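A.B. asks: Here it is, the structure, as structure tokens.
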Amino acid sequence: MGHALMTQETYSFHYKGQEIPTDKAGYLLDYTLWEEGMVELLAQEENIELTEAHWEVVRFVRAFYEEYETSPAIRALVKAMANKFGPEKGNSRYLQRLFKKGPAKQATKLAGLPKPAKCL
């Protein structure tokens, strides 16, 4: 009896001559490989034209992850943003305007973090 070899599809993108492994949805598998220079590339994939407001959220999400060792789901993101930046930025409408396909999902992807557990 032969054994069938299960081949797992691998996903990645190239950055500065390096292959960066991702999951099927494009989230980095190892957040320590992330560099700010990748954000432009990841944003293009998501059809996001980066502004300073996007950068603020991306850097914030990254700091959140480093502090709590988890990617923030939308509720946690809104609450934490409100605490740091005030209600005009800490609300879901503001974040939704920046990240149309879902603030928690897209911001964590651009920040090179794992997909938030509560995002499907």
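The values are calculated or read from the model by the stated rules, or taken from the named source; none is laboratory data. Remember, it's a predicted structure, so these values are computed and weren't measured experimentally. Backbone-built Cβ (ideal geometry, glycine too); neighbour counts: all protein chains shown.
A.B. asks: Could you figure out which of (1) touching a strand residue (DSSP E or B) at 6+ places or on another chain (Cβ under 8 Å); (2) in contact (Cβ under 8 Å) with a residue 40 or more places away in the chain isn't true of PRO21?
C.D. replies: It is condition (2) that PRO21 fails.
A.B. asks: Then there's this: Take ASN83 and tell me if it is exposed (fewer than 13 other Cβ atoms within 10 Å of the Cβ), at pLDDT 95 or above and not in a loop (DSSP other than H, G, I, E, B).
C.D. replies: Against the criterion (exposed (fewer than 13 other Cβ atoms within 10 Å of the Cβ), at pLDDT 95 or above and not in a loop (DSSP other than H, G, I, E, B)), ASN83 qualifies.
A.B. asks: When only residues in region 86-104 that are among the small types (Gly, Ala, Ser) and not in a loop (DSSP other than H, G, I, E, B) count, which is surrounded by the fewest Cβ atoms within 10 Å (Cβ to Cβ)?
C.D. replies: Selected residue: SER92.
A.B. asks: Can you run down the residue pairs with Cβ atoms below 9 Å, 6 or more apart or on separate chains, where the first is in region 43-59 and within 19 Å of PRO116 (Cα to Cα) and in contact (Cβ under 8 Å) with a residue 12 or more places away in the chain and the partner is outside any loop (DSSP other than H, G, I, E, B) and of a type in the set (Lys, Arg)?
C.D. replies: Matching pairs, first to second residue: GLU45/LYS109; GLU46/LYS109.
A.B. asks: Let me ask something else. I'd like the residue in region 39-69 that is in a loop (DSSP other than H, G, I, E, B) and β-branched (Val, Ile, Thr) and, out of all such residues, is farthest from the chain's Cα centre (by Cα). If you could, list the steps in order and put the result at the bottom.
C.D. replies: Step one: list which residues in region 39-69 are in a loop (DSSP other than H, G, I, E, B), which gives 46-51, 69.
This time we only want the ones that are β-branched (Val, Ile, Thr), so: 48, 51.
Values: ILE48: 12, THR51: 16 Å.
The selected residue is THR51.
A.B. asks: Could you please let me know if LEU98 is at pLDDT 95 or above, of a type outside the set (Ser, Thr, Tyr) and touching a Phe, Trp or Tyr at 6+ places or on another chain (Cβ under 9 Å)?
C.D. replies: no
A.B. asks: Before we move on, is TRP34 modelled with pLDDT of 95 or more and over 20 Å from ALA117 (Cβ atoms)?
C.D. replies: no
A.B. asks: Shifting gears a bit: Got a number for residues in region 13-50 being among the hydroxyl-bearing types (Ser, Thr, Tyr) and either more than 18 Å from LYS105 (Cα to Cα) or exposed (fewer than 11 other Cβ atoms within 10 Å of the Cβ) (or both)?
C.D. replies: Within region 13-50, residues that are among the hydroxyl-bearing types (Ser, Thr, Tyr) and either more than 18 Å from LYS105 (Cα to Cα) or exposed (fewer than 11 other Cβ atoms within 10 Å of the Cβ) (or both) number 2.
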